[in-house]
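S.K.: Dropping the structure in here first, questions after.
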Amino acid sequence: MRKLSKGLLLMFVTFGALVLATGTTADASTWHQGLPKLVRQHKLWAGKKGAKFGSAKQLYSRNYIEIGKLTEGKWKNKYYFADVLRSYYKNGKYEDTFDEVLINNSRYESDPATAYKKMGKHTYQIKSTLKRSGYPDQRYKVKFSKKNKRMNVWQKRLWNHIDPNKGMNRSQKRWHKLGQYHGIKTVSDDSLWKRDPVRK
């Protein structure tokens, strides 16, 4: 009887450990509304490197990650996550072209709330909560390093609808690194239209 009790006790302990392990995994894989605090600590994240272009390389571009809240519509006061490319002259003055990519390729007014889940220590996956047929499901992976002063960003594009007329509409299996970003504390989005805040 004593041997049987020990066997049952061992079985319950093992089962309990499995339940706890499963619970931990489930929590890590759960999508949460909004953005992680580590991402929201700065409204603007600037890419480390700028790419030169133009006939005499008189221009260069820089990537930014912009964080903010929607100001109108049913998603009002919900966070957005925008991947923005802006161009500047050699002296850092703004050049009148830019490209912005929200998670679901829509505009600020209609972009839905974001969602995130934890992938590891200081590592998160971010996505849009909206699914649109014929449009990519843009995913971002962010990982913080150097005591959270830097953020490495990867991108992966998934498709919820494959259009046979568009050969490029295929989901990506691997993450593609965009680069390393650092937070800018005192610069607003509007100031980016004047000059590059990273250039001294």
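S.K.: Restricting attention to region 102-113, does a residue exist that is out of contact with any Cys (no Cβ under 7 Å at 6 or more places or on another chain), modelled with pLDDT of 85 or more and open to solvent by less than 30 Å² (accessible area, probe 1.4 Å)?
M.R.: no
S.K.: Does Y135 satisfy the criteria of being of a type in the set (S, T, Y), out of contact with any helix residue (DSSP H, G or I) (no Cβ under 6 Å at 6 or more places or on another chain) and either at pLDDT 80 or above or surrounded by fewer than 16 Cβ atoms within 10 Å (Cβ to Cβ) (or both)?
M.R.: no
S.K.: Going by the structure shown, is K93 modelled with pLDDT of 85 or more, surrounded by fewer than 14 Cβ atoms within 10 Å (Cβ to Cβ) and closer than 30 Å to S55 by Cα?
M.R.: yes
S.K.: Moving on. If T71 passes every condition in (1) modelled with pLDDT of 75 or more; (2) closer than 19 Å to L178 by Cβ but one, which one does it miss?
M.R.: Tallying (1) modelled with pLDDT of 75 or more; (2) closer than 19 Å to L178 by Cβ, T71 fails exactly one: (2).
S.K.: State the number of residues belonging to region 74-88 that are over 19 Å from V39 (Cβ atoms) and either modelled with pLDDT of 85 or more or surrounded by 18 or more Cβ atoms within 10 Å (Cβ to Cβ) (or both).
M.R.: Adding up the residues that qualify gives 3.
S.K.: A follow-up question, please. Does K194 qualify as being basic (K, R) and either surrounded by 12 or more Cβ atoms within 10 Å (Cβ to Cβ) or modelled with pLDDT of 75 or more (or both)?
M.R.: Yes; evaluated as a whole, the condition is true for this residue.
The values are calculated or read from the model by the stated rules, or taken from the named source; none is laboratory data. Since we're looking at a predicted model, the values are computed, not measured. For neighbour counting, all protein chains shown are included, and Cβ atoms are generated from backbone atoms with ideal geometry for every residue, glycine included. Quick note on the areas: whole protein, heavy atoms, side chains included, nothing else; ligands and nucleic acids left out. Shrake-Rupley method; radii C 1.70, N 1.55, O 1.52, S 1.80 Å.
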